[in-house]
Amino acid sequence: MKVAVFRKAHFNAAHRLYRPDWTDERNNEVFGLCSNPNYHGHNYYIEVRVTGDIDPETGYVIDLKILNEIIREEITERFDHSNLNEDQPEFKYLNPTGENIVVVIHDLIRARLDAKYTLKVRIWETDRNYFEYPVSFE
Ligand code: NI
């Protein structure tokens, strides 16, 4: 019997979408205001879903204290009040779009989680824009 456990978190960060190998004109055409050279910020909300079997001894799928600690250490402490482009090596050569951020966050948490768990991450960049990885159609 599989059960999904969710934990929410959030961080504030600045970013800029652009490609250094493109002209300013091309960057502006594709990324618009998001390519503002002075950066802009978002309140990123994340939702982490861990699916697994209920441990008959504890009644837990995963101890939420432990999940929370992983999210804090890998994501919120590192990303909060940072400039994603300048401060985070993952985005040195990778555009910090919602799509790329959700994959990076997933992979950082995945590396700390036991292989017996299934992991899915969602990230809200605004109230209306959010991203999910990996994708499932259940
Ligand atoms: Ni943005």
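Remarks
- Which listed residue is part of a helix (DSSP H, G or I), open to solvent by less than 20 Å² (accessible area, probe 1.4 Å) and at negative phi, from I101, I123, I66: I101
- Residue ID - nearest to the ligand (Cβ to nearest atom), chosen from residues in region 46-63 that are open to solvent by less than 40 Å² (accessible area, probe 1.4 Å) and among the β-branched types (V, I, T): I46
- Criterion (loosely packed, with under 12 Cβ neighbours inside 10 Å and either within 16 Å of the ligand (Cβ to nearest atom) or at positive phi (or both)) met by exactly one of P89, P37: P37
- Residue count for region 123-138, restricted to those that are under 18 Å from H15 (Cα atoms) and touching a residue at least 12 places away in the same chain (Cβ under 8 Å): 7.
- In the set V30, V3, only one residue is within 16 Å of the ligand (Cβ to nearest atom) and more than 21 Å from the chain's Cα centre (by Cα); that residue is V30.
- Of all the criteria given as (1) open to solvent by less than 60 Å² (accessible area, probe 1.4 Å); (2) assigned to a loop (DSSP other than H, G, I, E, B), the one not satisfied by V135 is (1).
- Flag for N43 being polar (S, T, N, Q), open to solvent by 60 Å² or more (accessible area, probe 1.4 Å), more than 27 Å from S136 (Cβ to Cβ) and not in a helix (DSSP H, G or I): no
- Residue pairs whose Cβ atoms lie under 6 Å apart, separated by 6 or more positions or on different chains, with the first residue in region 7-27 and free of Cβ contacts under 8 Å to residues at least 24 places away in the same chain and the second within 16 Å of the ligand (Cβ to nearest atom), are N27/Y18; N27/S35.
- Residue within region 70-85 that is at positive phi, open to solvent by less than 90 Å² (accessible area, probe 1.4 Å) and without any contact (Cβ under 8 Å) to a residue 60 or more places away in the chain present: no
- Taking the numbered list (1) at pLDDT 95 or above; (2) open to solvent by 70 Å² or more (accessible area, probe 1.4 Å) in turn, A14 passes all entries but (2).
The values are calculated or read from the model by the stated rules, or taken from the named source; none is laboratory data. Because the structure is predicted, anything quoted here is derived from the model rather than measured. Backbone-built Cβ (ideal geometry, glycine too); neighbour counts: all protein chains shown. Protein only, heavy atoms only, side chains kept; ligands, DNA and RNA dropped before computing areas. Shrake-Rupley method; radii C 1.70, N 1.55, O 1.52, S 1.80 Å.
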